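No value in this document is a laboratory result; all are computed from the given coordinates. Please read all numbers here as calculations on a predicted model, not as lab measurements. In this analysis, Cβ positions are derived from the backbone assuming ideal geometry, glycine residues included, and neighbour counts consider all displayed protein chains.
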Amino acid sequence: MLLYHILDYFFLVFHTILTLFNLLGWIWKKTRLANFITLMLTGIAWFGIGIFYGIGYCPLTDWHWSVLEKLGHHNLPYSYIKYLIERLTGFDADPQTVEIGTVAGFVIAVIMSVYLNFFRKKRKVNV
């Protein structure tokens, strides 16, 4: 049982950090390429693997839900973001609003990451 509690906290921390990195990693020059890669992997999971398991599928969420079920948690929301909001704040957010916000955040992050990684001209510094 201790192992499941450890895994629960691992997924909570790792998945939350990955989510924040997906949303904000494009901001810093040194993390832009890694951010682009994690966004593409997220997109592949959501829209590629999601064809078979449901659009928006995330293996991390699936694995975390398996751990939480072993710990006796049931009726978990479809959205990890909804779960995260509830777990961290206790607020029961509207699922549709959370989904819209999640997709909007993802789209904005992808646009920014693609633009900054591939279309923004590099500035030359004159010395």
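Could you state the angle between the C-alpha long axis of helix 95-114 and the longest principal axis of the C-alpha atoms of the chain, as a value from 0 to 90 degrees rounded to the nearest 10?
So the inclination is approximately 30 degrees.
Assuming R0 = 22 Å, can you tell me the calculated FRET efficiency for the pair Phe52 and Val107, based on Cβ-Cβ distance, to the nearest 0.05?
With a Förster radius of 22 Å, E is 0.45.
Measure nothing but the geometry: give the 0 to 90° angle between the long axis through the Cα atoms of 32-43 and the longest principal axis through the Cα atoms of the chain, rounded to 10°.
Relative to the chain, helix 32-43 is tipped by roughly 40 degrees.
What is the distance, in nm, between label points placed 7 Å from the Cα along the Cα-to-Cβ direction at Leu3 and at Val114?
Roughly 4.3 nm, to one decimal.
Counting pairs of Cα atoms in the range 1-115, how many percent are more than 21 Å apart?
40 percent
Can you put Lys121, Lys29 in order, fewest other beta carbons within 10 Å first?
Fewest to most other Cβ atoms nearby, the residues stand as Lys121, Lys29.
Tell me, Met1, Met40, Met112 in order of fewest to most beta-carbon neighbours within 10 Å?
By the 10 Å Cβ count, ascending: Met1, Met40, Met112.
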